[in-house]
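The values are calculated or read from the model by the stated rules, or taken from the named source; none is laboratory data. Because the structure is predicted, anything quoted here is derived from the model rather than measured. Cβ placement follows ideal geometry from the backbone for every residue including glycine, while neighbour counts extend to all protein chains displayed. Remember, those area values only see protein heavy atoms, side chains included, never the ligands or the DNA or RNA. Shrake-Rupley method; radii C 1.70, N 1.55, O 1.52, S 1.80 Å.
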Amino acid sequence: MKPLQASSGDLNADRRAEYAEMLHADGAHAAAAELLLGALEMTPQWAMGWFRLGEMQQAAGAPDLAARAWTMSLQLDPSDRQGAALNLQLIGKAPALVALPSAFVETLFDHYAESFDESLVDRLGYRLPELLDQAIRAARPSRFALALDLGCGTGLMGQRLRPIVDRLEGYDISARMLRKARTKGVYDVLGKADLRDFVHAGPADLVTVADVFIYVGALDGAVRTIAGLLAKDGLFAFSVEGLAGNGDFALQPSRRYAHAEHYVRDVLAANGFSVLSLETTVIRQDRREPVNGLVVVAGKLPAA
C-alpha cells in the first residue's frame, strides 16, 4: 500500500518531501532521508514527515536514526495515527502492544476506503467472507433474526450475510468505510464504533468479525464483549491470521497480528464458547505469498 499522503503545510517543504519520495522509490534511501530531513527543518511539527523519515532511514540501514524519527512522530502525535509505536516495537525499541492504536486503524481505513474492495479482492485474493459464510451455513443452516457484523468495512461480509439474516447491523471504526458500505444497501443499520469498547442493547443470534482480529493482539477483552452480545444459542464467526512460531500472538512485519490456534481455543473456552468448526486455510495473498489463517465458528456453552 502507498504511504499516507499528508501535507506539511509548507509548499517548499512539500516539494522537498516529494523529491525525497522519488529518491526513496528509486532505492536511494539515504539520499531520500537527507532530503526529507531538510524539509523537516522547515516544518519540525510535521508528524507524518518524521514517520516517513524513519521509514527511509530504516531502509537505508540506520535503525537507530529511524527509532529517533519515529519517537519524534509519536511525541508530536500521541494518538499515533501513523503507527510509529508499531515500528518501534518491530525493531525492538518499544514495549509490545496488545492492540494497534485505534487512531492508526481508523486513519488507515479512512485512507484506503475508496480502493479497498479492488485492492483486497482483485489483487490480494481475499476470500474470508466466502469462507465464513460457508462455515456459518454448515454450523447452522437456518436463518438468523439479528446479526452484528463488527468491523464491517465496506460490507463484503454483509453481502454474504444478507440472504440468511432478518436484520443485519454493521459497525466499523472508519467513517469512510461505512460510507462505502452504505452504498451497497445490505445493512439495516450502520454505525461508527470501536470493537474494543463496543456496546449493544439487545442479544444477537450471530456475530461476525471478519479479518479484524489482525489489528488486535490480546483477544480476551474482545471475545468477552462478544460473549455478552450473543443470545444463549448464538454463533460467533471470525478469522485470525495464523501464527507459525511460538507464543500466543505476535505482531508481524506487516503490522498485523497473528494468533496461535491453541491461544484462540483457550480464549474461546475461557469466555464460555465451544468450537463448532475451525479450518486452517489461505485467507489472502501478501506480496504474492499466501497468508494462512483460521476460520472459526463458535457457539456459547449452556449455562452451568
Residue in the stretch 48-59 that is modelled with pLDDT of 95 or more and more than 24 Å from Tyr112 (Cβ to Cβ) present
yes
Qualifying positions in the stretch 135-163 - open to solvent by less than 20 Å² (accessible area, probe 1.4 Å) and in contact with a Pro (Cβ under 9 Å, 6 or more places away or on another chain)
Met157, Gly158, Leu161
Any idea how many residues of the stretch 170-192 are surrounded by fewer than 23 Cβ atoms within 10 Å (Cβ to Cβ), part of a loop (DSSP other than H, G, I, E, B) and in contact (Cβ under 8 Å) with a residue 24 or more places away in the chain?
1
So which residues in the stretch 112-154 are over 20 Å from Arg287 (Cβ atoms), in a loop (DSSP other than H, G, I, E, B) and not basic (Lys, Arg), if there are any at all?
Ala113, Glu114, Pro141, Ser142, Gly151, Cys152, Gly153, Thr154
Residue selected from the stretch 69-82 under the condition open to solvent by 50 Å² or more (accessible area, probe 1.4 Å), in contact (Cβ under 8 Å) with a residue 12 or more places away in the chain and out of contact with any Asp or Glu (no Cβ under 9 Å at 6 or more places or on another chain), by the criterion farthest from Trp50 (Cα to Cα):
Ser79
Inspect the stretch 43-61 for any residue being surrounded by fewer than 17 Cβ atoms within 10 Å (Cβ to Cβ), β-branched (Val, Ile, Thr) and touching a residue at least 12 places away in the same chain (Cβ under 8 Å) and give the result as yes or no.
no
Suppose we filter the stretch 155-169 for residues that are aliphatic (A, V, I, L, M) and either touching a His at 6+ places or on another chain (Cβ under 7 Å) or part of a strand (DSSP E or B) (or both); how many remain?
2
Suppose we keep only residues that are at pLDDT 90 or above and among the hydroxyl-bearing types (Ser, Thr, Tyr) within the stretch 108-156. Which one would you say is farthest from His200 (Cα to Cα)?
Ser142
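Could you please give the count of residues in the stretch 231-242 that are buried (at least 21 other Cβ atoms within 10 Å of the Cβ) and either touching a Gly at 6+ places or on another chain (Cβ under 9 Å) or among the aromatic types (Phe, Trp, Tyr) (or both)? Walk me through how you get there before you give the answer.
Initially, the stretch 231-242 is screened for residues buried (at least 21 other Cβ atoms within 10 Å of the Cβ), giving 234-241.
With either touching a Gly at 6+ places or on another chain (Cβ under 9 Å) or among the aromatic types (Phe, Trp, Tyr) (or both) added as a condition, the list becomes 234-236, 238-241.
Of the residues in that region, 7 qualify.
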Identify all residues within the stretch 243-276 that are touching a residue at least 60 places away in the same chain (Cβ under 8 Å), open to solvent by 30 Å² or more (accessible area, probe 1.4 Å) and under 21 Å from Arg196 (Cα atoms); write none if there are none.
Arg255
Any idea which residue in the stretch 106-134 is most open to solvent (accessible area, probe 1.4 Å), counting only those that are acidic (Asp, Glu) and in contact (Cβ under 8 Å) with a residue 40 or more places away in the chain?
Glu114
Report the residue count in the stretch 1-28 for those that are open to solvent by less than 50 Å² (accessible area, probe 1.4 Å) and either at positive phi or in a helix (DSSP H, G or I) (or both).
6
Has the stretch 83-105 got any residue that is in a helix (DSSP H, G or I), of a type in the set (Ser, Thr, Tyr) and in contact (Cβ under 8 Å) with a residue 40 or more places away in the chain?
yes
